[in-house]
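Here the structure comes first, spelled out in C-alpha cells, and everything after it is commentary.
The values are calculated or read from the model by the stated rules, or taken from the named source; none is laboratory data. A quick note: this is a predicted structure, and the numbers were derived from the prediction, not measured. We place every Cβ from the backbone using ideal geometry, glycine too, and count neighbours over all the protein chains shown. All accessible areas refer to the heavy atoms of the entire protein, side chains included, with ligands and DNA or RNA removed. Shrake-Rupley method; radii C 1.70, N 1.55, O 1.52, S 1.80 Å.
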Amino acid sequence: MELLSGTRLGQIEILPQTESLYHYTTAKALMNIVSTNEFWVTHANFLNDYSEINYIEEVAREAVHMLIPDSRTAEEFGGSLIEQFCKIREGFHQMYLLSFSTLADSLILWSEFSGGFGYCMELCVGDLRRHLHVQGESFRYYSEGRVVYDRSRQAAIIRDEILYPWMPKGNLSSQSEEVRQVLPAMAMSLYEYAPFFKRAAFQNEEEYRFIFYCAEDSAGTPDFCSFREKDGNIIPFVKINLKLDYKTKLPIRSIVAGPKNKSDLAIRGAQYLLACHGYGETTIKKSGLTLRY
C-alpha cells in the first residue's frame, strides 16, 4: 500500500485533527464499510446534484467581470477560461468524492441519505487523514475541506486566488500569447476548487469533502474503477481503503441509529456487527430526534 499525499487549497477551511465528521448511510452500506474498511467513492460527474463541478463556471464568469470593467473583454476572457476548464474536466484529470458532514444527528441528512432509518458514523478527522491509503498508484493526490455555499465568497475566492495572481496586466485578448500561456494554469486551479463550491440551497448539509484525483495516465475510466446500480442508473466508483494494515480497524468513534427506527434491533444488530469486527468499545445509540413517523 502507498500513502496518499494531501494538498491544501488556500481559501478552503480545513478542520483540526481532533474534530469529528459524520457519515450518514444505510444499514447495508454500514455492513459493507465495517467488514471491508472501505468507502465507495463516487465519480464527480455522477453525484446527486447534476450541477456539481460545472456550477463553478457561473461563479468564474462573475469573478472575471469583477476584475475586468469592459464587459466585452470580460466575456471573451471568461469564455476562454471556461473552455480550458471544460477540457480539463473532460480530459485526463478524473476526480472522485468522499462526502461527510460536520453535523451530528441532522434531520435533513437522515431524510436525504437513509429515509430516517440507517446509521450515522462518527469518525475523527485526524484518523481519517492517517488512514488514507490506496492500492498501487491509482491516485496522484487528494484534497479536503469544507464546502463553500456563499456565492459572494465563492466569487471572491476565484478573483483573489485564481484570477488576480495569474491575469496579465496588458492585452487580455484570448488570442494574445500571454493569455494563452496562463489560461491552462488558471483553469486547473478552477478545477481543483470546483468540488468545494455548491449552491446556497445545499448549505444545510454542512458538507466536508475529500477529493481524490486519478493518476495522470488514468485517462477516461481507470481500470481500478467499479460500478454500482442506483435508481436504475449505472454509477462508477472507486474503493478507498482506510486501514494501515490487516490488523487496523476503521477509526469509528460512535454510531447513531436513525430516528425512524424504533426497533431494539437497530442497536442490537449494530452491536453484533461491530463486535464481530473488533469494535466492542464503540458507542452505539439511537438518534435524539423524536420522530413519530
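Yes/no per residue for (1) aliphatic (A, V, I, L, M); (2) open to solvent by less than 20 Å² (accessible area, probe 1.4 Å); (3) part of a helix (DSSP H, G or I); (4) over 20 Å from Glu229 (Cβ atoms):
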| site | (1), (2), (3), (4) |
| --- | --- |
| Phe77 | no, yes, yes, yes |
| Leu81 | yes, yes, yes, yes |
| Ile88 | yes, no, yes, yes |
| Ser111 | no, no, yes, yes |
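Would you be able to tell me the number of residues in region 268-293 that are aliphatic (A, V, I, L, M) and either part of a loop (DSSP other than H, G, I, E, B) or surrounded by fewer than 17 Cβ atoms within 10 Å (Cβ to Cβ) (or both)? Full working, then the answer.
Let us first name the residues in region 268-293 that are aliphatic (A, V, I, L, M), namely 270, 273-275, 284, 289, 291.
Within this subset, residues satisfying the condition of being either part of a loop (DSSP other than H, G, I, E, B) or surrounded by fewer than 17 Cβ atoms within 10 Å (Cβ to Cβ) (or both) are 275, 289, 291.
Counting residues in region 268-293 that are aliphatic (A, V, I, L, M) and either part of a loop (DSSP other than H, G, I, E, B) or surrounded by fewer than 17 Cβ atoms within 10 Å (Cβ to Cβ) (or both) gives 3.
When you scan region 237-259, how many residues do you find that are part of a loop (DSSP other than H, G, I, E, B) and either open to solvent by 20 Å² or more (accessible area, probe 1.4 Å) or at pLDDT below 85 (or both)?
Residues of region 237-259 that are part of a loop (DSSP other than H, G, I, E, B), as a first pass: 242-251, 258-259.
Those left that are additionally either open to solvent by 20 Å² or more (accessible area, probe 1.4 Å) or at pLDDT below 85 (or both): 242-251.
Count: 10.
Which condition number in (1) closer than 15 Å to Met121 by Cβ; (2) assigned to a helix (DSSP H, G or I); (3) touching a Phe, Trp or Tyr at 6+ places or on another chain (Cβ under 9 Å) is the one that Lys28 fails?
The number of the failed condition is (3).
Can you find even one residue in region 92-108 that is assigned to a helix (DSSP H, G or I) and surrounded by fewer than 20 Cβ atoms within 10 Å (Cβ to Cβ)?
Filtering region 92-108 for residues assigned to a helix (DSSP H, G or I) gives 107-108.
Those left that are additionally surrounded by fewer than 20 Cβ atoms within 10 Å (Cβ to Cβ): 107-108.
Within region 92-108, one or more residues are assigned to a helix (DSSP H, G or I) and surrounded by fewer than 20 Cβ atoms within 10 Å (Cβ to Cβ).
Quick one: in region 55-71, of everything that is more than 15 Å from Tyr193 (Cα to Cα) and free of Cβ contacts under 8 Å to residues at least 24 places away in the same chain, which residue is most open to solvent (accessible area, probe 1.4 Å)? Quick ask: steps written out before the conclusion?
First, pick out the residues of region 55-71 that are more than 15 Å from Tyr193 (Cα to Cα): 62, 64-71.
Adding the requirement that they be free of Cβ contacts under 8 Å to residues at least 24 places away in the same chain leaves 65, 69-71.
Details: His65: 74, Pro69: 130, Asp70: 81, Ser71: 72 Å².
Filtering region 55-71 for residues that are more than 15 Å from Tyr193 (Cα to Cα) and free of Cβ contacts under 8 Å to residues at least 24 places away in the same chain, the one most open to solvent (accessible area, probe 1.4 Å) comes out as Pro69.
Hey, among the residues in region 40-54 that are in a helix (DSSP H, G or I) and touching a residue at least 60 places away in the same chain (Cβ under 8 Å), which one's surrounded by the most Cβ atoms within 10 Å (Cβ to Cβ)?
Residues of region 40-54 that are in a helix (DSSP H, G or I), as a first pass: 44-46.
Remaining after also requiring touching a residue at least 60 places away in the same chain (Cβ under 8 Å): 44, 46.
Working: Ala44: 19, Phe46: 16.
For region 40-54, the residue satisfying everything is Ala44.
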